[in-house]
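Structure first, then comments.
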């Protein structure tokens with residue numbers, strides 16, 4: 001059963017992006033959207049947004065670097081690890097669970113380090129990879145995107161984002177246990 005499910009997931013993941021891209025092109029053609037011009041206009045807007053968010057990005061990346069360099073990450077891992085053991089989450093995945101809501105690039109670094117240590121096909125490697133795809137950079141979104149448009153009251157968005165992150169982390173562990181044992 002697990003092999004069949006794993007094969008189905010593999011097939012879907014191989015075809016998802018090409019089918020999505022092809023579907024977008026077909027939809028644009030049927031609606032007579034000038035595809036190239038729309039792409040160029042979107043790229044220009046993306047560049048402008050990138051320039052506006054650079055200060056926020058630098059601030060959050062510095063905060064993450066300070067948190068890791070101070071040893072606070074290891075201390076927090078020690079305190080939280082009894083809870084993760086209750087849900088079946090490998091303790092080696094805890095840094096990903098903690099960094100992912102803060103920064104995508106920081107989480108990518110944690111994931112790369114974890115995969116180089118444990119291997120891409122290990123259970124730990126698969127869990128951190130699934131966590132990377134099933135959660136969001138909640139604090140980054142709040143700081144950068146909300147900050148770039150001047151939104152200051154983010155309380156409800158913070159709660160919703162953190163609840164979604166916890167649900168994504170739990171789902172990642174559960175699905176990896178289901179599919180990969």
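The values are calculated or read from the model by the stated rules, or taken from the named source; none is laboratory data. All values reported here derive from a predicted model rather than from experimental measurement. In this analysis, Cβ positions are derived from the backbone assuming ideal geometry, glycine residues included, and neighbour counts consider all displayed protein chains.
Of note:
- Just one residue in the set 162, 102, 94, 142 is farther than 30 Å from residue 4 by Cβ, touching a helix residue (DSSP H, G or I) at 6+ places or on another chain (Cβ under 7 Å), in a loop (DSSP other than H, G, I, E, B) and touching a residue at least 12 places away in the same chain (Cβ under 8 Å); that residue is 102.
- First in the stretch 18-31 and on the phi < 0 side of the Ramachandran plot and free of Cβ contacts under 8 Å to residues at least 12 places away in the same chain, second anywhere and surrounded by 10 or more Cβ atoms within 10 Å (Cβ to Cβ) and in a helix (DSSP H, G or I), Cβ under 7 Å, 6 or more apart: 25/35; 28/35
- The residue list 63, 69, 2 contains one member that is at pLDDT below 85 and under 23 Å from residue 110 (Cα atoms), which is 63.
- Scanning the stretch 62-84 for residues that are surrounded by 10 or more Cβ atoms within 10 Å (Cβ to Cβ), part of a helix (DSSP H, G or I) and out of contact with any helix residue (DSSP H, G or I) (no Cβ under 7 Å at 6 or more places or on another chain) gives 62, 63, 65, 66, 68, 72, 74, 75, 78, 83.
- Test: residue in the stretch 141-153 that is surrounded by 15 or more Cβ atoms within 10 Å (Cβ to Cβ) and at pLDDT 90 or above: no
- Boolean, residue 6 is free of Cβ contacts under 8 Å to residues at least 24 places away in the same chain, surrounded by 10 or more Cβ atoms within 10 Å (Cβ to Cβ) and either on the phi < 0 side of the Ramachandran plot or touching a strand residue (DSSP E or B) at 6+ places or on another chain (Cβ under 9 Å) (or both): no
- Positions within the stretch 113-158 being more than 20 Å from the chain's Cα centre (by Cα) and at positive phi, in sequence order: 150
- Residue match in the stretch 173-181 (condition: within 13 Å of the chain's Cα centre (by Cα) and buried (at least 17 other Cβ atoms within 10 Å of the Cβ)): no
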